[in-house]
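Structure, as structure tokens:
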Amino acid sequence: MEQPKQPKIITDKNEMREWSRSMRAQGKTIGLVPTMGYLHQGHLSLLREAHKHTQVFVVSIYVNPGQFSPNEDLSTYPSDFNGDINKLMSVPGGVDVVFHPHNLYDYGVGSVGNGEGGVEKEGVVSCVKDGGLGHETWVRVERLEKGLCGKSRPIFFRGVATIVTKLFNIVDPDVAVFGKKDYQQWRLVTRMVRDLDFSIRIIGSEITREKDGLAMSSRNVHLSTDEREKALSINRSLSKAKDAAEMGQINSRDLINSVIESIQEAGGRIDYAEIVDQESLKAVEKITSPVVFCIAAWFGKVRLIDNIEISS
Ligand code: AMP
């Protein structure tokens, strides 16, 4: 039997760069799976997908403060670094490097943010105020960042695009794998890579679900047993909508209304429920081409997102 591979753990960005350069010098192709840790089978499925495309693999574990607003859950985001390493080692073929930087916004010249109006966690950069802080360069994907999750999380995708750019510059991968669970994020990164001429292939990998259909998420750990049961209404109602659409019910409003009703009846609070074009993410009224039905809903204090692709 194959011995589990112990990954090299790199915390320093210069060391990370050197490793990637040495791999390139040996002619090896590099795959990157960016994560915020507290790994589950969904994350591991991205690593398995990466195995199909490159020869060596980096998983980054970094909770990016730049994508959280002050009122969001940065301080309670779950972590279990040792558990994460064990999970990564359980995947056949494993991972070569776990890149686990302490603070990717600390430039070492007394430039760390003062936390004013932003997030104060171990001196990390404020994600809200641009002025007067050490970090002031942000990447924006102007239209795609605005809809869906961007409506209630206005700085979220600016933070995502910026950290993904930083990771791409540090790790210099040939391929990066993102989950379709975060559909808008996957599309936005794909657009950014095209628009900014990154020489990186972006792969969208399918959603991994629990046996009962709940999309796996690091945040599920914060659901009570009761909330978790209620949250099953998301996938159930989305699956019903998909079946109905594929049977010929192509009016988006009707499908959206019945999903909203099911989730609210179960006790969820809808953030958004939209049927959008799979690529442009623009809302569609009638389903006549491939779409994706995207949902964000609160169960208790936990905001869950999910989606289902529907072919016309
Ligand atoms: P996160 O750690 O939540 O930032 O997620 C890191 C990556 O894993 C992102 O590309 C997510 O889309 C992906 N991911 C998270 N949950 C799932 C899931 N249930 N199925 C597939 N991919 C996922």
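For region 194-220, filtering for residues that are closer than 15 Å to E145 by Cβ and in contact with a helix residue (DSSP H, G or I) (Cβ under 9 Å, 6 or more places away or on another chain) leaves 1. I'd like the residue in region 34-92 that is among the hydroxyl-bearing types (S, T, Y) and more than 12 Å from the ligand (Cβ to nearest atom) and, out of all such residues, is nearest to V171 (Cα to Cα). Across region 34-92, the extreme among qualifying residues is T54. The condition (being outside any loop (DSSP other than H, G, I, E, B), more than 30 Å from D73 (Cα to Cα), modelled with pLDDT of 95 or more and not charged (D, E, K, R)) is satisfied by just one residue among A296, A273, A245, A231: A245.
Name every residue in region 192-227 that is in a helix (DSSP H, G or I) and either in contact (Cβ under 8 Å) with a residue 60 or more places away in the chain or touching a Cys at 6+ places or on another chain (Cβ under 7 Å) (or both), in order of residue number. Step through it out loud before you land on a result.
Step one: filter region 192-227 for residues in a helix (DSSP H, G or I), giving 192-195, 218-222, 225-227.
Answer for region 192-227, where residues must be in a helix (DSSP H, G or I) and either in contact (Cβ under 8 Å) with a residue 60 or more places away in the chain or touching a Cys at 6+ places or on another chain (Cβ under 7 Å) (or both): S218, R219, N220, V221, H222, E227.
Counting only residues that are on the phi < 0 side of the Ramachandran plot and either in contact with a Phe, Trp or Tyr (Cβ under 9 Å, 6 or more places away or on another chain) or of a type in the set (G, A, S) (or both), region 264-286 holds 12 of them.
Would you mind stating whether E285 is charged (D, E, K, R), surrounded by fewer than 16 Cβ atoms within 10 Å (Cβ to Cβ) and in contact with a Ser or Thr (Cβ under 8 Å, 6 or more places away or on another chain)?
Working: charged (D, E, K, R): yes; surrounded by fewer than 16 Cβ atoms within 10 Å (Cβ to Cβ): yes; in contact with a Ser or Thr (Cβ under 8 Å, 6 or more places away or on another chain): yes.
So E285 passes the test.
When M16 is tested against (1) over 19 Å from M89 (Cβ atoms); (2) touching a strand residue (DSSP E or B) at 6+ places or on another chain (Cβ under 9 Å); (3) loosely packed, with under 14 Cβ neighbours inside 10 Å, just one condition goes unmet, and that condition is (3). Exactly one residue out of R191, R187, R201 is farther than 25 Å from I256 by Cα, more than 9 Å from the ligand (Cβ to nearest atom) and buried (at least 19 other Cβ atoms within 10 Å of the Cβ): that is R191. List every residue pair whose Cβ atoms sit under 8 Å apart, with the two residues 6 or more apart in sequence or on different chains, where the first one lies in region 29-46 and is polar (S, T, N, Q) and modelled with pLDDT of 95 or more and the second, anywhere, is in a strand (DSSP E or B) and more than 7 Å from the ligand (Cβ to nearest atom). If the second residue must be in a strand (DSSP E or B) and more than 7 Å from the ligand (Cβ to nearest atom), the pairs left are T29/V56; T29/V175; T35/V59; T35/S60; T35/I61. Looking only at residues that are of a type in the set (K, R) and within 14 Å of the ligand (Cβ to nearest atom) in region 164-184, which one is surrounded by the fewest Cβ atoms within 10 Å (Cβ to Cβ)? Among them, the one singled out is K180.
Which residue, of V58, V63, is out of contact with any His (no Cβ under 9 Å at 6 or more places or on another chain), free of Cβ contacts under 8 Å to residues at least 60 places away in the same chain and β-branched (V, I, T)?
V63
The values are calculated or read from the model by the stated rules, or taken from the named source; none is laboratory data. Predicted, not measured: the structure shown is a model, and the values here were computed from it. A quick note on method: Cβ atoms are made from the backbone with ideal geometry, for glycine too, and the neighbour counts reach across all protein chains shown.
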